[in-house]
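The values are calculated or read from the model by the stated rules, or taken from the named source; none is laboratory data. Please read all numbers here as calculations on a predicted model, not as lab measurements. Cβ coordinates were reconstructed from backbone atoms using ideal geometry, including for glycine residues, and neighbour counts include every protein chain displayed. Side chains included, ligands, DNA and RNA excluded: accessible areas come from the protein's heavy atoms. Shrake-Rupley method; radii C 1.70, N 1.55, O 1.52, S 1.80 Å.
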Amino acid sequence: MRLLVTGGAGFIGANFIMYWLTAHPEDEIVNFDKLTYAGNLENLASVEKNPGYTFVRGDICNAEQATHVMKGIDTVVHLAAESHVDRSILEAAPFVMTNVVGTQVLLDAALKANVKRFHHVSTDEVFGSLTLQGTEKFNEQTLYDPRSPYSASKAGSDHLVRAYHHTFGLPVTITNCSNNYGPFQFPEKLIPLAITNLIEGKKVPVYGDGLYVRDWLYVDDHCRAIDAVLSRGKVGETYCIGGLTEDVNNLSIIRKILALMGKNESEIEYVKDRPGHDRRYAIDWAKIYNELGWKPEHDFDTWLEKTVRWYMDHEEWWKRVKSGAYAQYYAKQYTHTA
Ligand code: NAD
Ligand code: TYD
């Protein structure tokens, strides 16, 4: 099988490519990535000489490039996106361009190339926000209610993927997953930002009261879930993917990281809250478990510790990432304290 992975130089994409080449060594993967600030080919150093792996630099918004790279492809795993909520609040336009327009351009190219499967990777953030008091979880029937430019643009892409299935018969599947964590995550997201700040002797910025809840999914569990959907999922269906956490809030995550790194609460800095900050996300992954036999296997405490260790052991990787343009973004994003 020949797979096209878009956004393969990003966090989940790189982990997915490494996972797939190990689990399916007979397959070929083309990684199609624009290499934005979030794309980093160093993430793929371990596979760059693998004969089954090819990198093509390009933009999913460019129809000519998308059509060209789609030739001979059986399966598309579409991960390319602008992925950070805070950046979408600073500037929404690149989110609409890549996530909405880019997805539509890619869908056209996939249709022309007659691909056997177009798998779209999306987020639980399209479902909006749950209350802290409730026990409700998102599932495949939950109505869409996106509340940030990021989640609105991802919702738009999900709708387009379904529209291409219903209107043109494109064989699609969609997954909506929770917050991923693990190696190679860009240190703008909460967990790697906290760990790397602490190593650098900087404080950890906590938005608002810190009592915001996400569901946390170890990235390898996510890769296995996509594999399950590609091999056993039903065309036209959506599957929700979640991890093994039950309502862990941001402050408790920071406290766990502080304890793992031998630091104390004085390293926490409460900063201005994110506008429109979604209070709580939780995922019911019963459908993918019952129908495809997938469940998360990595428990949070063990794999958070391993993730902390990974960042401690890979300072060169994230120090390069944190220098340059990222430093300017950081200065702009974190100017206001609470
Ligand atoms: P990331 O920001 O780490 O990587 C995104 C990749 O896409 C980068 O390599 C970037 O260069 C590439 N890219 C961006 N614009 C492009 C374009 N126009 N053309 C080609 N390539 C382009 O993102 P991630 O965290 O790995 O997320 C991957 C996907 O998973 C995204 O679609 C995201 O919405 C979704 N998702 C992520 C999470 C999470 O916790 N990280 C959770 C749910 C869903
Ligand atoms: P993030 O990693 O940006 O993922 P998302 O917004 O997609 O869920 O943020 C996770 C949670 O951590 C979210 O509630 C916002 C919060 N947060 C902070 O408190 N401080 C930070 O510096 C960042 C980046 C996030």
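Helix content alone sets the calculated 222 nm mean residue ellipticity of the chain: runs of n ≥ 4 DSSP H residues at -39500 (n - 2.57) each, divided across all residues, give -11500 deg cm²/dmol. In this view, the solvent-accessible surface of Phe300, computed with a 1.4 Å probe and all protein chains in place, comes to about 10 Å². Taking a ≥ b ≥ c as the square roots of the Cα gyration tensor eigenvalues, the stretch 187-338 comes out prolate, since a/c reaches at least 1.5 and a/b is larger than b/c. Over the stretch 21-99, Cα pairs under 8 Å with separation of 6+ residues give a relative contact order of 26 percent.
Checking every one of the GluC sites (Glu not before Pro) in the stretch 57-156 against DSSP loop status and a limit of 10 other Cβ atoms within 10 Å picks out Glu91. Shape class for the stretch 1-115: oblate, because the ratio a/c of the largest to smallest gyration tensor axis (alpha-carbon atoms, square roots of eigenvalues) is 1.5 or more and b/c is at least a/b. Distance from the C-alpha centroid of the stretch 242-274 to that of the stretch 94-134: 30 Å, rounded to the whole angstrom.
About its Cα centre, the stretch 1-139 has a charge dipole of approximately 320 debye under the convention of +1 per Lys or Arg Cβ and -1 per Asp or Glu Cβ, with nothing else charged.
At a probe radius of 1.4 angstrom, the accessible area of the chain per residue rounds to 42 square angstrom. Each Cα pair under 8 Å and six or more residues apart adds its sequence gap; the mean of these over the residue count of the chain is a relative contact order of 17 percent. In summary, the aspartates and glutamates within cross-link reach of Lys272, defined as a Cα separation below 14 angstrom excluding same-chain residues under 8 places away, comprise Asp86, Asp209. Simple rule: put +1 on each Lys or Arg Cβ and -1 on each Asp or Glu Cβ in the chain, find the dipole, and look at Gln328, Val47, His78; the Cα lying farthest toward the positive end is Gln328.
Taking only Cα atoms, what is the 0 to 90° angle, nearest 10, from helix 219-232's long axis to the longest principal axis of the chain? Computed tilt is about 20 degrees. What shape does the chain take by its C-alpha gyration tensor, where a ≥ b ≥ c are the square roots of the eigenvalues and a/c under 1.5 counts as rounded, a/b above b/c as prolate, and the rest as oblate? Prolate is the answer for the chain, as a/c is 1.5 or above and a/b outweighs b/c. Restricting attention to the chain, close to 10% of DSSP beta bridges with both partner residues there are antiparallel. Counting only protein heavy atoms and using a 1.4 Å probe, the accessible area of Asp284 comes to about 60 Å².
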